[in-house]
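Below is one structure; the comments refer to it alone.
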Amino acid sequence: MEALEAAKNFAAGTGPNMLVLYGGRGTGKSHLMESAGWSLLADGNIPHYAMVPELLDRIKATFNDNPGETTEDVLSYYRGVHTLLLDDFGTEKATDFVAEKLTSLIDERYRNGRRLMITTNLGRAAMEIKGYDRLADRLFDQTSGDVLSIYTGSKSNRRP
C-alpha cells in the first residue's frame, strides 16, 4: 500500500521529486510506474519512459551506428525532460562506463530537483556491490527529503 500511495503522490506532483521502488521480481514495481505514467498523461504531463538497458544501448549506438547523435546528445535529452521514468535499473551489466553515465544522468536530476521514478531489483547494499556507490547514496538518500525509496516486497523477505 505504501508503494501505491507513493506512486499516486508522484503522479500528482506531491511528495519528493525522486521515487525509487525496489524489490524482487513480480512485486508490481513496473506496473506502478506504468500507472503513474498514465496518470501523468491524463493530467496533461508527458513523462519520458526508458528501460535502462535500452537507454544504454542507445548510448552505445552513438559510438558507431549513429553518427548524427552523440552520447552527450542522448544524456542531454534525458537530463532535460520534466519527468523521467527509468525501469529495470540494475539489470544492465555494470562497467565503469555504465556507472559513469548513469551516475551523470541521475546525479544531475537529483541535484537540480528534476522528477525521476526508478524501478530496480537492487537494494542499497546490492547497488554498492555492483559498483554503484554514488548512485546508492542518491537513490537511498534519507536525509534531504528529495528521495523516497520504498521496498515493494514483504517485510519478512526484506534485503537491504
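Any residue at all in the range 125-142 that's charged (D, E, K, R), in a loop (DSSP other than H, G, I, E, B) and over 23 Å from Asp73 (Cβ atoms)? Yes, the conditions are met somewhere in the range 125-142.
Among the conditions (1) over 18 Å from Gly15 (Cβ atoms); (2) buried (at least 20 other Cβ atoms within 10 Å of the Cβ); (3) of a type outside the set (Ser, Thr, Tyr), the only one that Leu139 does not satisfy is (1).
Examine the range 21-29 for a residue that is over 13 Å from the mean Cα position of the chain (by Cα), at positive phi and free of Cβ contacts under 8 Å to residues at least 24 places away in the same chain, and state whether such a residue exists. Checked the range 21-29: at least one residue is over 13 Å from the mean Cα position of the chain (by Cα), at positive phi and free of Cβ contacts under 8 Å to residues at least 24 places away in the same chain. Scanning the range 91-109 for residues that are within 14 Å of Met51 (Cα to Cα) and out of contact with any helix residue (DSSP H, G or I) (no Cβ under 7 Å at 6 or more places or on another chain) yields a count of 1. Here's a check for you: in the range 33-46, which residue that is touching a helix residue (DSSP H, G or I) at 6+ places or on another chain (Cβ under 6 Å) and touching a residue at least 40 places away in the same chain (Cβ under 8 Å) is nearest to Thr152 (Cα to Cα)? The residue in question is Ala36. Name every residue in the range 116-131 that is under 15 Å from Glu92 (Cβ atoms) and in contact with a helix residue (DSSP H, G or I) (Cβ under 6 Å, 6 or more places away or on another chain), in order of residue number. Matches in the range 116-131: Thr119, Met127, Gly131. Counted as qualifying within the range 15-116 are the helices (runs of 4 or more DSSP H) with 2 or more residues that are open to solvent by less than 40 Å² (accessible area, probe 1.4 Å) and among the charged types (D, E, K, R), namely 96-111.
The values are calculated or read from the model by the stated rules, or taken from the named source; none is laboratory data. Remember, predicted model here, so these are calculated numbers, not experimental data. Every residue, glycine among them, receives a Cβ derived from its backbone with ideal geometry; neighbour counts consider all protein chains shown. Heads up: the accessible areas ignore ligands, DNA and RNA and are worked out on the full protein's heavy atoms, side chains in. Shrake-Rupley method; radii C 1.70, N 1.55, O 1.52, S 1.80 Å.
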